[in-house]
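Participant: Sharing a structure, written as structure tokens. Questions coming.
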Amino acid sequence: QQPVQSPQAVILREGEDAVINCSSSKALYSVHWYRQKHGEAPVFLMILLKGGEQKGHDKISASFNEKKQQSSLYLTASQLSYSGTYFCGTENQGRRALTFGSGTRLQVQP
Amino acid sequence: ETGVTQSPTHLIKTRGQQVTLRCSSQSGHNTVSWYQQALGQGPQFIFQYYREEENGRGNFPPRFSGLQFPNYSSELNVNALELDDSALYLCASSLPSGDGYTFGSGTRLTVV
């Protein structure tokens, strides 16, 4: 079953923060986050394995709540380059295949 | 790193025809997955190959088939094309576990 992402779209000004959520009804082994710009390939941002760890690099971080089967992507001090569609992809135990959400379209304006 | 390369970038086919899409994996990645992405949607898993064998398949009919070669490159074949097969087809390579996927830029297939 497809994970549910929210919000579907968000518009920010440069420097503002955003949170994108991803929830699943199934027990998860891992959650991946990708960003896709129009006409380009999805680009891997980070992976979170079950265990509830939080990861991050630069101004983008993510958390994984294993009990709730939810993950959140945190974008702080957004830059114009952050614009794009963000997808979470989930993996179940024993199945190395990603099920993607329908995406969150993020637009950062000057 | 050479990344993942896909060919062709664009393709137009007629309903009922057959098509083969190609993918070269990132160096060192022995697992390749194929995804179909309709406009405005997230990628949908078609199947995955590891060491030349299919080791996972999504909800796609048997007319979608694939191959992985000893050099880890891969092909996606679609027979009896239907209009609904029009989409962006993405190839992604990875290590067997614990890592992210590296996606190619995709092949845009249009079926008329």
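Participant: Listed residues B:GLN17, B:GLN26; which is of a type outside the set (D, E, K, R), crowded, with 20+ Cβ neighbours inside 10 Å and over 15 Å from A:LEU98 (Cβ atoms)? Outline the logic, then answer.
Facilitator: Details: B:GLN17 fails: crowded, with 20+ Cβ neighbours inside 10 Å.
On inspection, the qualifying residue turns out to be B:GLN26.
Participant: crowded, with 21+ Cβ neighbours inside 10 Å, free of Cβ contacts under 8 Å to residues at least 60 places away in the same chain and part of a strand (DSSP E or B): which single residue out of B:GLY66, B:GLY56, B:GLY42 fits that description?
Facilitator: Details: B:GLY56 fails: crowded, with 21+ Cβ neighbours inside 10 Å; B:GLY42 fails: part of a strand (DSSP E or B).
From the options B:GLY66, B:GLY56, B:GLY42, the qualifying one is B:GLY66.
Participant: Anything in the range B:89-112 that is in contact (Cβ under 8 Å) with a residue 12 or more places away in the chain, surrounded by fewer than 19 Cβ atoms within 10 Å (Cβ to Cβ), out of contact with any Leu (no Cβ under 6 Å at 6 or more places or on another chain) and not small (Gly, Ala, Ser)? List them, or say none.
Facilitator: B:LEU95, B:PRO96, B:THR110, B:VAL112
FYI, it's all coordinate maths here, none of it is from the lab. This one's a predicted model, so the numbers in the text were calculated from it and none came from an experiment. Cβ coordinates were reconstructed from backbone atoms using ideal geometry, including for glycine residues, and neighbour counts include every protein chain displayed.
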